[in-house]
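Structure, as structure tokens:
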Amino acid sequence: MTAAEARGTDREGPCTPGLCVLCGLPAAGKSTFARALARQLRQERGWAVGVLSYDDVLPEAPQDGTGARPPPSQWKTLRQELLKYLECFLIVVTNGGQMSAPANIAEAMWEDFITCLKDQDLVIPVVSEAQSCYVLAKTVISRPLLLVLDDNFYYQSMRYEVYQLARKYSLGFCQLYLDCPLETCLQRNCQRPRAVPNETIHLMGKKIEKPNPGKNAWEHNSFTIQSPACSMEASLEVTDVLLTALENPVKHIEDNVEQKETDRIICSANILHKVDQALRRTVSQTMKEAKDEQILPNNLKLLAEDLNKLKAGFLEDLRQGNKKHLCFPQTTDISDVISSFCNEKDNIMQKYFSKQH
């Protein structure tokens, strides 16, 4: 008998709301699974369940046949915007009161988000002269509430942002990973009305960072589901993971050395990514300037090699903390890194410009 069976289907007293991250490759079956899970939990356990599918709220890909989404920087901004909306709802869940649109929003996205909540009987509108406001539906107040976030979440940092929300509001947190063979995802994708480019799925398959409870303490309450097969035993285990999340909310303040180290690593990774992007832009602009100066093709090739070698050195120093090239404190300011890189880049450029004259 699992812990879920031992607890029974009924609960007494209030229950902490929970956030469940549902992740996996495109066409792994996440949305189908999320709908089935929500239906089962509502019918068999009497829970209030909300499925927030990112595909239903974030802007669709343009109708140009490519399936291309906004640039990565814009896409990240949109995801951050959606998390802001989710936080508005969590504030009402934890503190009560009314929910209204935050300032400077993407209006269409907010409306899709609200529609998602209303369609699942999570919020109801209230009359207000100033603006549209919403309160929790009575059915949400009187029973356990689980929010399932349905998206690829292929980077650990994407899922960690949700965990931070759970920690901020002392909510339950868990992760479900749908492990579906790449070939199956590709076959399913081809049958979709609006298919994702196959190269996107291939690329995501290489990049995806599966939940790793052994490495990351915050991922300890995670479960891998073998898709497309999902047995009754797996279903019971999923319920057990969800119950564990609801009954063990994340502590708001964690005096935990391991957790602090995890935070530091993720922060460092984000800084490294931003620096890498900035240095790539700088190198690209420098090469454009060199071409405009009509530097000889052979020298252009050597210049590109020197600049990329310099960039690689900077990034490695950031990873290792050696600071061989860098003159800035440990609390890294990205602008200082770029400034230092540009100084050395200018020295290299001068060498090639002097060859021209």
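Bear in mind these aren't lab numbers, they're just calculated from the coordinates by the rules spelled out. These figures come from a predicted structure and were not determined experimentally. Virtual Cβ from ideal backbone geometry, glycine too; neighbours counted across all protein chains shown.
Miscellaneous remarks
- Cβ-based exposure ranking for Ile201, Ile124, in which fewest neighbours within 10 Å come first: Ile124, Ile201
- Looking at the stretch 164-203, the trypsin sites (Lys or Arg not before Pro) that sit in a DSSP loop and have at most 13 other Cβ atoms within 10 Å of their own Cβ are Arg194.
- The calculated FRET efficiency for the pair Gln277 and Glu107, based on their C-beta separation and a Förster distance of 45 Å, comes to about 0.95.
- Full extension of the chain between Asn248 and Val126 yields a length gain of 40.6 nm, computed as 0.36 nm times the residue separation minus the alpha carbon distance.
- A simple spin-label model places the labels of Ile91 and Lys207 3.1 nm from each other, with each point 7 Å out along Cα-to-Cβ.
- Applying 1/(1 + (r/R0)^6) with r as the Cβ-Cβ distance of Gln164 and Asn198 and R0 = 25 angstrom yields a FRET efficiency of 0.15.
- Sequentially through the stretch 79-86, phi angles give Karplus couplings (6.51, -1.76, 1.60; θ = phi - 60°) of 5, 5, 4, 5, 5, 5, 5, 4 Hz, Gly and Pro residues having no value and appearing as x.
- Residues in the stretch 79-119 reached by a label modelled at Arg39 [backbone nitrogen below 18 Å; 7 Å Cα→Cβ]: 119
- A crude spin-label estimate for the pair Gln294 and Glu344, with each label 7 Å from Cα along the Cβ direction, gives 3.3 nm.
- Point-to-point label distance, Lys76-Ala304, nm (Cα→Cβ direction, 7 Å offset): 2.6
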